[in-house]
1. From the phi angles alone, apply the Karplus equation (6.51, -1.76, 1.60; θ = phi - 60°) to region 28-38 and give each ³J(HN,Hα) in whole Hz, x where the residue is Gly or Pro.
2. When only DSSP loop residues count, what chymotrypsin sites (Phe, Trp or Tyr not before Pro) in region 90-150 have their Cβ near at most 15 other Cβ atoms within 10 Å?
3. Out of the DSSP beta bridges found with both residues in region 93-157, what percent are antiparallel (nearest 5)?
4. Net charge around PHE13, counting only other residues with Cβ within less than 9 Å of its Cβ (Lys, Arg = +1; Asp, Glu = -1)?
5. Which of ARG34, ARG15, ARG144 moves the most in a Gaussian network model of the chain with Cα springs under 10 Å?
6. Students often get this wrong, so try it: which of (i) 15.2; (ii) 16.6; (iii) 17.3 is Kirkwood radius over Cα pairs in Å as calculated from the structure shown?
7. Please work out whether region 1-94 counts as rounded, prolate or oblate from its C-alpha gyration tensor, where a ≥ b ≥ c are the square roots of the eigenvalues and a/c under 1.5 means rounded, while otherwise a/b larger than b/c means prolate and anything else oblate?
8. Given R₀ = 25 Å, FRET efficiency for LYS145-CYS103 by Cβ-Cβ distance, to 0.05?
Amino acid sequence: MSVEHIEQATELFRRFLKAQDLKVTRQREILLRRIFEREEHFSAEQLEEHVKGDGISKATIYRTLQLLVDCGLIVEVALKDDRRVYEHIYGRDPHDHILCMDCKKVFEFDGAAMTALEAEMTRRLGFRPFGHRLRIEANCEVLRKTGRCDRDEIKLS
């Protein structure tokens, strides 16, 4: 992600915090930058490891993740076993997720069709959409056929 894009996300976050009467802190901005520097899904624990040495407490990490979700800059993806992963969505094309129930990996696919369906259905029912989350749970065909799956998490376009 470009430096300019990270700066835009940072400015949106600053405005959100001020509107909520919350402080713009160095720790919150470090967390936002670390999140936006990477393109993959991450857990709170992985983020904690990534900012080790920056003097950021676990409590600050969890509170900031929730603030970033509330601000609309990141989303939380719930996995089947009560784990949660996050990803930044600001400036990215809409996409949805497939969760492999065998290997527990998350795969992305183009969400444009779902966004169009969301717009049509909410219009028809008299609502105004502001987003959706779709998680398809599936079993691995490669594992079923071969007995093993060596696939990495992938992004499908």
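Here, each number is a calculation from the coordinates, and none is a lab measurement. Remember, it's a predicted structure, so these values are computed and weren't measured experimentally. All Cβ positions, glycine included, derive from the backbone under ideal geometry; neighbour counts span all protein chains shown.
1. Couplings: 5, 6, 4, 4, 4, 5, 4, 5, 7, 6, 10 Hz.
2. PHE127, PHE130
3. On the way: 5 of 10 bridges.
Around 50 percent antiparallel, to the nearest 5.
4. Details: positive: ARG14, ARG15, ARG28; negative: GLU11, GLU29.
Taking every Cβ under 9 Å from that of PHE13, the sum is +1.
5. Highest fluctuation of the listed residues: ARG144.
6. (iii)
7. It is rounded, given that a/c, with a ≥ b ≥ c, falls under 1.5.
8. 0.95
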